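Working notes, beginning with the structure itself.
The values are calculated or read from the model by the stated rules, or taken from the named source; none is laboratory data. A quick note: this is a predicted structure, and the numbers were derived from the prediction, not measured. Ideal geometry is used to build each Cβ from the backbone, glycine not excepted, and the neighbour counts take in all protein chains shown.
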Amino acid sequence: MDTGAADNLRRRTRSSRARRGAATGARAVLRAVSVGNTEDTDHDMEGAVGLCKLRVTAPRYSLLREVGRGAYGVVYEAVARRSGARVAVKKLRCDAPEKVELALQEFWALASLEKRHENVVQLEECVLQRNRVAQRMSHGNKRSKQYLRLVETSLKGERVLGPPEEPCYLWFVMEFCEGGDLNQFILSRRPDPNTNNSFMLQLTSAVAFLHENNIVHRDLKPDNILISERSGSPILKVADFGLSKVCAGFGNASEGKVGEEKNTNINKFWLSSACGSDFYMAPEVWEGHYTAKADIFALGIIIWAMLERITFIDAESKRELLGTYVRHGADIVPVGEALLDNPKMVLNIPQKRRSCMSDGVRKLLHDMLAFNPQDRPDAIQLRARMDQVMCAA
């Protein structure tokens with residue numbers, strides 16, 4: 001990493017900035033969250049972090065330690081009391097319309113998945129808590145006044161949940177990934193071609209699955225890719241769906257249609273919110289008019305940086321992060337922004353002279369990072385091409 005480039009780093013991050021926060025030191029809390037087993041009735045919750053004990057007979061989860069904190073919420077490692085399984089519990093305070101919108105988008109995306117995928121983080125359940133009452137969330141639950149108030153808050157952009165002294169929280173219970181994020185995993189180990197190849201296959205499979213299910217992630221970056229090592233080998237998990245978009249009406253996963261047909265539909269769904277993180281944003285995202293192909297561009301940046309260990313220093317957290325860029329004098333500029341300024345620019349892939357990158361991967365990365373989204377493969381084509389490249393290798 002060029003320290004001069006780091007000193008001159010220009011970093012402009014969109015709405016994902018509110019959700020970014022470095023992991024803090026562990027803090028034992030040993031408090032419990034209790035959730036009822038039905039969806040349409042209210043239940044007590046023995047809360048964490050300052051809530052007094054309520055009438056709870058069988059707490060479902062015990063919070064063990066805090067593993068991450070940001071303006072968006074707090075993440076804990078927890079254990080399910082009945083099975084002993086470790087889980088991650090994310091606590092989101094819904095005290096402002098923008099926070100409600102991020103929380104609901106994550107819930108809608110994960111709740112819309114009818115099938116599991118090994119490389120997408122699994123939502124076990126989501127609980128809505130207001131004051132001393134907790135209720136398990138279900139998508140489109142018209143019987144729950146609290147759920148409808150959340151939706152109304154998001155749509156109107158103004159608080160309709162009641163006075164600020166009555167806090168409202170969403171608790172996401174998800175699988176726990178003990179291996180940290182992709183940045184931590186890659187940069188703490190020696191380069192391993194076999195791991196790189198496995199990760200490329202896993203990432204392309206995950207994005208293809210999401211697009212087949214009409215979900216555009218919109219914030220793919222190494223921070224949002226977690227690692228599970230429970231199986232003995234590292235398994236990637238795409239996570240953090242707060243900026244995701246479920247493209248309703250453009251294909252239905254339950255209809256059994258051919259995946260390629262559904263993928264074509266999602267790439268006709270135009271989005272207009274310029275969101276994401278600068279170094280992974282496609283050129284068209286900077287302009288605020290894009291499709292699911294923006295995820296393909298972000299994935300290309302991640303894979304390129306992972307293979308050549310290209311990093312920069314984040315100006316806010318001071319962390320070293322995986323990410324490729326273009327050098328303009330003393331500045332380093334995100335690839336998407338540089339391509340927007342000069343669409344005919346030819347990217348120098350691979351960037352390092354002594355690179356072990358194969359010709360197949362090099363060509364694939366060039367296509368994934370094309371200025372024109374129509375020149376990029378869609379997620380289904382990308383998965384097939386990556387399989388071919390790995391087989392050839």
Worksheet item: Is one or more of the residues making up the range 261-272 in contact with a strand residue (DSSP E or B) (Cβ under 9 Å, 6 or more places away or on another chain), buried (at least 21 other Cβ atoms within 10 Å of the Cβ) and at pLDDT below 95?
Response: yes
Fill in: Odd one out for Ile302 among (1) farther than 29 Å from Phe269 by Cβ; (2) under 23 Å from the mean Cα position of the chain (by Cα)
(1)
Response to the item:
So, first residue of a type in the set (Phe, Trp, Tyr) in the range 186-210, second residue assigned to a loop (DSSP other than H, G, I, E, B), Cβ within less than 7 Å, six or more apart or across chains; the pairs are Phe209/His117
Worksheet entry | Scope the range 315-357; condition farther than 30 Å from Asn194 by Cα and hydroxyl-bearing (Ser, Thr, Tyr); matching residues | Ser317
Practice prompt. Go over the candidates Ile332, Ile349, Ile380 one by one and state the one that is more than 20 Å from Ser277 (Cα to Cα), in contact (Cβ under 8 Å) with a residue 60 or more places away in the chain and in the same structural domain as Phe269 (by TED's automatic domain parsing).
Written response: Ile380
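Please state which one of Leu340, Leu347 is in contact with a Phe, Trp or Tyr (Cβ under 6 Å, 6 or more places away or on another chain), among the aliphatic types (A, V, I, L, M) and not in a strand (DSSP E or B). Break it down into steps so the answer makes sense when it comes.
On the way: Leu347 fails: in contact with a Phe, Trp or Tyr (Cβ under 6 Å, 6 or more places away or on another chain).
Only one candidate qualifies: Leu340.
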Item to complete: Identify, by number, the condition in (1) buried (at least 19 other Cβ atoms within 10 Å of the Cβ); (2) under 18 Å from Val285 (Cα atoms) that Asn342 doesn't meet.
Response: (1)
Practice prompt. Hey, can you tell me all the residues within the range 297-323 that are modelled with pLDDT under 95 and assigned to a loop (DSSP other than H, G, I, E, B)?
Written response: Asp314, Ala315, Glu316, Ser317, Lys318, Arg319
Fill in: All positions within the range 80-106 that are touching a strand residue (DSSP E or B) at 6+ places or on another chain (Cβ under 6 Å) and buried (at least 19 other Cβ atoms within 10 Å of the Cβ)
Val87, Ala88, Val89, Lys90, Lys91, Leu92, Cys94, Ala103
Discussion item. Any residue that is over 12 Å from the mean Cα position of the chain (by Cα), closer than 21 Å to Trp286 by Cα and of a type outside the set (D, E, K, R) - is there at least one of those in the range 236-252?
Written reply: yes
Practice prompt. Mind listing just one residue for me: the one in the range 273-282 that is touching a Lys or Arg at 6+ places or on another chain (Cβ under 7 Å) and part of a helix (DSSP H, G or I) and, of those, modelled with the highest pLDDT?
Written response: Tyr280
Item to complete: Check Cys356 against each of (1) without any contact (Cβ under 8 Å) to a residue 24 or more places away in the chain; (2) exposed (fewer than 13 other Cβ atoms within 10 Å of the Cβ); (3) among the hydrophobic types (A, V, I, L, M, F, W, C) and name the one condition it does not meet.
Response: (1)
Worksheet item: Taking the range 220-232, which residues are surrounded by fewer than 24 Cβ atoms within 10 Å (Cβ to Cβ) and either in the same structural domain as Leu102 (by TED's automatic domain parsing) or in a loop (DSSP other than H, G, I, E, B) (or both)?
Response: Glu229, Arg230, Ser231, Gly232
